[in-house]
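Here the structure is laid out as structure tokens; the discussion comes afterwards.
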Amino acid sequence: MIELENITKIYRMGKVEVPALRGITLDIKQGEMVAIIGASGSGKSTLMNIVGFLDKPTLGRYLFDGADVSRLSDNQLAVMRNKKVGFVFQTYNLLPRASALSNVDLPLIYGGGGQKRKRAMESLERVGLATRAKHKPTELSGGEQQRVAIARALVNNPALILADEPTGNLDSASTAEIISIFRQLNQDGITVVMVTHEMDIAEQTQRIIRLLDGKVISDEKVA
Amino acid sequence: MKFIESFTIALRSLFANKLRSSLTMLGIIIGVSAVIAIMAGGRGMENYVTSTLEDMGTDILYVTPSNPNAPGAAAMAPGYATATLTLDDAEAIARIPSVLGVAPTNENFVELTFGDETLASVIEGTTPEFKDLGYDIASGQFITERNVASRDMVAVLGSETAKKLFSDEDPLGQKIKINEKRFTVVGVLSSKGGAMFGFSLDEIVAVPITTYQTRLFPQRTPGGEDAVQSIGVIVSGPEAMDNVTADIETTLRNRHRIDEDEKDDFTIVSMEQMIGAFSDITGVVSIFLAAIASIGLLVASIGIMNIMLVSVTERTREIGIRKAVGAKRRDILLQFLLEAATLSLIGGGAGIAFGWALSLVISIIATLAGFPLQATLSPLHVIIAVGVSVFIGLASGIYPAMRAARLNPIDALHYE
């Protein structure tokens, strides 16, 4: 599903060039559940942004479902973000003034298609938050907010969920809840790629990719 | 993304910042209401002047002296024009077919005195036909042919003049002084309504034109005859206007011995032309005032742009979230543009209502002050005001909206 060939990303800070990724080559198959770990500054988030169509690589090739997506226009990338992936962030990134339901149907506004309310409700049910549909983010716990964010990621039925430190701001009980939701989604056939720096969370996936200074230093199956 | 949804998003975000939205709208409200009040007031003024002139009669032509050597409208200015018309000219015009009557008139400002009471007034030196210009006699009689022939010291008072000078007393038979000369009041006119340049048409005093010429304000033509300032010509109907105008021209050119290659030493103006000229003037004045008032709209649009820029910065993270879930550049652009347009559209609507109310208040004050002005708001004004409001919203929203649309989603998401 995801084929990365020599992906390189260089940020320019004035005259200094800062390489964030130095030639990443990876294959992630449909249905996998993968953890990406590494120290901060190792390039995990940059990699996630490129895989999630939020950013473009400076060099290299990115094939998604066999199609080259490394040179798409901004508008085409927006469509890919809307239809193909669901993104879950560490800080939830919900609209503070909108209800849970309105947050979940946000991708549908930009993606089109009918029955927005119904599909958003179904998505909320999937993460067990149907009863909280009318609540604003400030009225929800951190774990609940992250579940709303997952519901939003699911609403367009993407084949891939990308999660960037999804449990970084959560207590252990909520963390366990979120991880079990991801495992359930993976069993339903959705590919899950998760960035984390906690080994015990990474060990609940099937495969751990370790980054250091913008390079893959190990890639192994979880026993 | 559908338009309706963008509009809903825009409304929601305006509602979320009620105070800020309403303060921003205030600029538009003030600007639009100033323009609307001025346009409605201007239209009211135009209607007022038009109806005043129509009160004076529309089947009337006025012949006045003019200086053939002076350029354009200056030819009719009192300083330029030499006295060229006489009572004989008026009689000659009276013989033209379709002319029902002529009212030669001399006009000036005078001081009236009765006992201790003094009054500034407009005097009309004229003939019996004057009352055909739209006056009726309330009591006594009007100036007669005999009065004119024998230059009698008799006066007919306008209804307001009589009221101010005599209060409840009966003016008939009383002696008044006009510029220190004694006249006997023989009649009072009934109220006509209307006013010209602040002087009520009922605040006049009429005397025989011959008396005016010899006893009050003597003025002679170059030929040595007594001069007439203007000749009102009452025409049988609108259809005869053109023929009568041509006949008057021929008659007067013959009488004044004007060669074919020389210009007229008189001007013929119809009431229609005067109405047209006044409408033009009030129209230009109100457009000019509206242009000044629209400076307020310019200030308002800078206000909108300012607020939209603040709003884009404040909502950088929201923009990032929207982009992360698939919003395209034009979706974000549309959202912020619609927000600015909605802001100014609502402001414009409120401004129209407020401006209309303002112009009604102005009408009431003007009416109390003696000018029966009726402010008039035309649908065209409303359409223009709404269009201008939306245009201002779009024009001042486009730059902030483009900045929002151009934001990079990752940077926007990490904005604190």
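Any read-out appearing in this document is the output of simple, stated calculations on the displayed coordinates, not a laboratory observation. As the structure is a computational prediction, the values presented were derived from the model and not from experiment. Here Cβ is always computed from backbone atoms with ideal geometry, including for glycine, and neighbour counts include all displayed protein chains.
Each of A:Leu47, A:Leu72 was scored by other Cβ atoms within 10 Å of its Cβ. Arranged with the fewest first, they read A:Leu72, A:Leu47. Take the Cβ atoms of B:Ser191 and B:Arg257, set R0 to 56 Å, and the FRET efficiency comes out at 0.80. Within the range B:32-48, list the residues whose amide N lies under 19 Å from a label point set 7 Å along Cα→Cβ of B:Phe391. In the range B:32-48, the label zone of B:Phe391 (backbone N under 19 Å from the point 7 Å along Cα→Cβ) covers B:32-40. Centroid-to-centroid, using Cα positions, the range A:30-73 and the range B:224-260 are 96 Å apart. When the charge dipole of the protein assembly as shown is built from unit charges on Cβ atoms (+1 for Lys and Arg, -1 for Asp and Glu) and taken about the Cα centre, the candidate among A:Val148, B:Ala291, B:Gly370 whose Cα reaches farthest toward its positive end is A:Val148.
Mean separation of Cα pairs under 8 Å and 6 or more residues apart, divided by the residue count, gives chain A a relative contact order of 29 percent.
Can you give the FRET efficiency to the nearest 0.05 for B:Arg151 and B:Leu172, using r as the Cβ-Cβ distance and R₀ = 22 Å? The formula returns an efficiency of 0.60 here. Within the protein assembly as shown, antiparallel bridges make up roughly 70 percent of the DSSP beta bridges whose residues both belong there. Quick one: work out Rg over Rh on the C-alpha atoms of the range B:258-402, Rh as Kirkwood radius. Computed over Cα atoms, the ratio is 1.27.
Taking the number of Cβ atoms within 10 Å of each Cβ as an exposure proxy, the fewest-first ranking of B:Arg95, A:Arg132, A:Arg147 is B:Arg95, A:Arg132, A:Arg147. Look at A:Asp188, B:Asp132 and count the other Cβ atoms within 10 Å of each Cβ; fewest to most, that gives A:Asp188, B:Asp132. Distance between the modelled labels on B:Leu309 and B:Lys164, one decimal in nanometres: 5.9 nm (7 Å Cα→Cβ projection).
Relative contact order, percent, of chain B when contacts are C-alpha pairs under 8 Å separated by at least 6 residues? Walk me through the intermediate numbers first.
Working: 754 pairs, mean separation 122.2, N = 416.
Reported relative contact order: 29 percent.
Distant-in-sequence amide contacts of B:Leu85, defined by a placed amide H-H separation under 5 Å and a gap of 5 or more residues or a different chain, comprise B:Val228. In angstrom, the C-alpha Rg and Dmax of the range B:165-237 are 15.5, 47. Computed from backbone phi with θ = phi - 60° and the Karplus coefficients 6.51, -1.76 and 1.60, the 3J(HN,Hα) list for the range B:245-250 is 4, 5, 5, 4, 4, 4 Hz; x is used for glycine and proline. Computed on the Cα atoms alone, the convex hull of the protein assembly as shown gives a volume of 253 cubic angstrom per residue. Centre-to-centre, using Cα atoms only, the range A:149-184 and the range B:384-413 are separated by 35 Å. Among the GluC sites (Glu not before Pro) in the range B:229-269, those placed in a DSSP loop whose Cβ has at most 12 other Cβ atoms within 10 Å are B:Glu260, B:Glu262.
Centre-to-centre, using Cα atoms only, the range B:152-189 and the range B:1-28 are separated by 68 Å. Cα extents for the range B:117-193 along the principal axes, largest to smallest and rounded to whole angstrom: 30, 28, 20.
Across the range B:252-400, the relative contact order, built from alpha-carbon pairs under 8 Å that are at least six residues apart, equals 33 percent.
Evaluate the range B:81-159: find the radius of gyration of its Cα atoms, find its Kirkwood radius, and give the ratio Rg to Rh.
Numbers: Rg = 14.5 Å, Rh = 14.5 Å.
We get a ratio of 1.00 for the range B:81-159.
To the nearest ten degrees, helix A:116-126 and the longest principal axis of the Cα atoms of chain A are 80 degrees apart.
Between B:Phe3 and B:Ile398, the FRET efficiency estimated from the beta carbon spacing at R0 = 22 angstrom works out to 0.80. Across the cross-link table entries A:Lys83/A:Lys118; A:Lys29/B:Lys328; A:Lys83/A:Lys215; A:Lys136/B:Lys18; B:Lys131/B:Lys163, which are compared at the Cα atoms, the separations over 22 Å belong to A:Lys29/B:Lys328; A:Lys83/A:Lys215. Both numbers refer to the Cα atoms of the range B:83-264; Rg and Dmax are 17.3, 59 Å. Rounded to whole numbers, the Karplus 3J(HN,Hα) couplings from phi for the range A:149-155 are 4, 5, 4, 5, 5, 8, 5 Hz, using 6.51 cos²θ - 1.76 cosθ + 1.60 with θ = phi - 60°, and x at Gly and Pro.
In debye, nearest 20, what is the charge dipole magnitude of the protein assembly as shown about its Cα centre with +1 on Lys and Arg Cβ and -1 on Asp and Glu Cβ, if you could check?
So the dipole magnitude of the protein assembly as shown works out to roughly 4560 debye.
When the helices of the protein assembly as shown are scored as -39500 (n - 2.57) per DSSP H run of n ≥ 4 and the total is divided over every residue, the value at 222 nm lands at -14500 deg cm²/dmol.
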